[in-house]
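Notes to accompany the following structure.
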Amino acid sequence: MREIPRIQFAHLPTPIEVMPRLSEKLRGPKLLVKRDDQTGLGFGGNKTRKLEFLLAEARFQAAKTLITEGAVQSNHCRQTAAAAARFGFACTLVLTGERPNRSNGNLLLDNLFGAELVFTNSEDAEATMHKVFQEKQSQGKNPYLIPLGGSTPTGAVGYVYAMRELMEQGCNPDWILFATGSGGTQAGLMVGARLFGIRGKILGISVSKPGVDLEKGAADLATKVADFLGEKMSFDSTQMLINSDYTGKGYGIMGEAEREAISLFAKTEGLLLDPVYTGRAAAGMIDLIRKGFFKPSETVLFWHTGGTPALFADDYQQNLEGV
Ligand SMILES: *Cc1c(COP(=O)(O)O)cnc(C)c1O
């Protein structure tokens, strides 16, 4: 495997903890949690692993400005803004929709990290981002563009190494469950599992997209990641396990299932989930346990991908009062 340039700033390895009280409550299999909500950069999360490689690439290209996009409460944007501050890049975030009246949750943090915020209003996010890119380029601000979720081959390498980390921690669960959005985490995990002999099944719980779209995207990205690492491997959609039964009313819309999951994790393990990603993935896991999807003898690792600052965004906060 080819070594990819990296700036090391994540707090790694992230701990693996047992969740005995949650297992007992659900009368489920053995449950573990991998704490990537504790990667150490500006409240942490899965994007920090990707950013170690993306920032190294940006620096190599002599970039001065990082540009990326996301939802108003994007965790990826918040972590990118933090990394930019830490390594001396300017940062422009293209956020979908209109500027809210109040900046809280991730948006508050984007501001604190000094990011420039561009709201798309009714414009297309991709188009806006490319416009911003061109502007920065013509101003000599050497922009480096990070696509949605940092899910390029370079970014996804973060999760290839995360699998090596899991192997080195001596952890080989029967199942690995996590929230899947743009597919970069899943692609990296799949490549890493093959490279480092992790045999457990890797099951992404989709937070928004239908399984078929995601499976194809994640498989194509995984093949590219392997190629980028100088490894000959190919992946097709049938090898990507994605469950999209839990997308509810759509991206970022918290429902009863997420509220219950957040409440259960908090009350049995003192562990915080977020309303958009890990709350949804955990709701999926809880439902699968209740349906007897896992064997009682199996071990299920819930890979916590972060996102907790969104708990403090107005909408979610109000929705969680009194759970
Ligand atoms: C971005 C994100 C994900 C999804 O990761 P992808 O690599 O985009 O699939 C999951 N959880 C949280 C908290 C995230 O911010």
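The values are calculated or read from the model by the stated rules, or taken from the named source; none is laboratory data. Just so it is clear, the model here is predicted, and its values are computed rather than measured. Positions of Cβ are generated from backbone atoms using ideal geometry, with glycine treated the same way; all protein chains shown enter the neighbour counts.
Being surrounded by fewer than 23 Cβ atoms within 10 Å (Cβ to Cβ) and under 18 Å from the mean Cα position of the chain (by Cα) is the filter; apply it to the range 203-213 and report the residue that is nearest to Arg35 (Cα to Cα).
At the first step, the residues of the range 203-213 found to be surrounded by fewer than 23 Cβ atoms within 10 Å (Cβ to Cβ) are 203, 208-213.
From the residues that got through so far, the ones that are under 18 Å from the mean Cα position of the chain (by Cα) too are 203, 208-211, 213.
On the way: Leu203: 17, Ser208: 23, Lys209: 25, Pro210: 27, Gly211: 25, Asp213: 28 Å.
Selected residue: Leu203.
Please go through the range 175-192 and pick out each residue that is among the hydrophobic types (A, V, I, L, M, F, W, C) and within 8 Å of the chain's Cα centre (by Cα).
To start, the set of residues in the range 175-192 that are among the hydrophobic types (A, V, I, L, M, F, W, C) comprises 175-179, 187, 189-191.
Residue satisfying the conditions is Ala179 alone.
Kindly indicate whether any position in the range 190-200 is assigned to a strand (DSSP E or B) and in contact (Cβ under 8 Å) with a residue 40 or more places away in the chain.
So in the range 190-200, the residues assigned to a strand (DSSP E or B) come out as none.
No; the residues of the range 190-200 include none that is assigned to a strand (DSSP E or B) and in contact (Cβ under 8 Å) with a residue 40 or more places away in the chain.
Within 16 Å of the ligand (Cβ to nearest atom) and not basic (Lys, Arg): which single residue out of Thr152, Thr128 fits that description? Step through it out loud before you land on a result.
On the way: Thr128 fails: within 16 Å of the ligand (Cβ to nearest atom).
Only one candidate passes the filter, namely Thr152.
Report yes if some residue within the range 233-246 is assigned to a helix (DSSP H, G or I) and within 21 Å of the chain's Cα centre (by Cα); otherwise report no. Talk me through it step by step, then tell me what you get.
Step one: list which residues in the range 233-246 are assigned to a helix (DSSP H, G or I), which gives 237-239.
Subset that is within 21 Å of the chain's Cα centre (by Cα): 237, 239.
Taking every residue of the range 233-246 in turn, at least one turns out to be assigned to a helix (DSSP H, G or I) and within 21 Å of the chain's Cα centre (by Cα).
Quick grid of which residues meet (1) crowded, with 24+ Cβ neighbours inside 10 Å; (2) aliphatic (A, V, I, L, M); (3) more than 20 Å from Leu241 (Cα to Cα):
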| position | (1), (2), (3) |
| --- | --- |
| Lys141 | no, no, yes |
| Ile146 | yes, yes, yes |
| Tyr159 | yes, no, no |
| Leu166 | yes, yes, no |
| Trp175 | no, no, no |
| Gly197 | no, no, no |
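Here is a check on your reading of the model: is Tyr144 more than 21 Å from Phe87 (Cα to Cα) and at pLDDT 95 or above? Walk me through how you get there before you give the answer.
On the way: more than 21 Å from Phe87 (Cα to Cα): no; at pLDDT 95 or above: yes.
So Tyr144 fails the test.
Starting from the range 73-89, keep only residues that are touching a residue at least 40 places away in the same chain (Cβ under 8 Å), then list their pairs with residues that are acidic (Asp, Glu) and surrounded by 24 or more Cβ atoms within 10 Å (Cβ to Cβ) whose Cβ atoms are within a distance under 7 Å, requiring at least 6 positions of separation or different chains.
Arg78/Asp110
So which residues in the range 1-21 are loosely packed, with under 15 Cβ neighbours inside 10 Å, closer than 21 Å to Leu264 by Cα and touching a Phe, Trp or Tyr at 6+ places or on another chain (Cβ under 9 Å)?
Matches in the range 1-21: none.
Would you be able to tell me the number of residues in the range 14-25 that are closer than 13 Å to Pro173 by Cβ and either among the basic types (Lys, Arg) or assigned to a loop (DSSP other than H, G, I, E, B) (or both)?
1
Specify which of the listed residues (Asp245, Asp236, Asp287) is under 16 Å from Ala187 (Cβ atoms), at pLDDT 95 or above and acidic (Asp, Glu). Walk me through how you get there before you give the answer.
On the way: Asp245 fails: under 16 Å from Ala187 (Cβ atoms); Asp287 fails: under 16 Å from Ala187 (Cβ atoms).
The conditions single out Asp236.
Mind listing just one residue for me: the one in the range 258-280 that is under 30 Å from Arg199 (Cβ atoms) and more than 13 Å from the ligand (Cβ to nearest atom) and, of those, surrounded by the fewest Cβ atoms within 10 Å (Cβ to Cβ)?
Thr268
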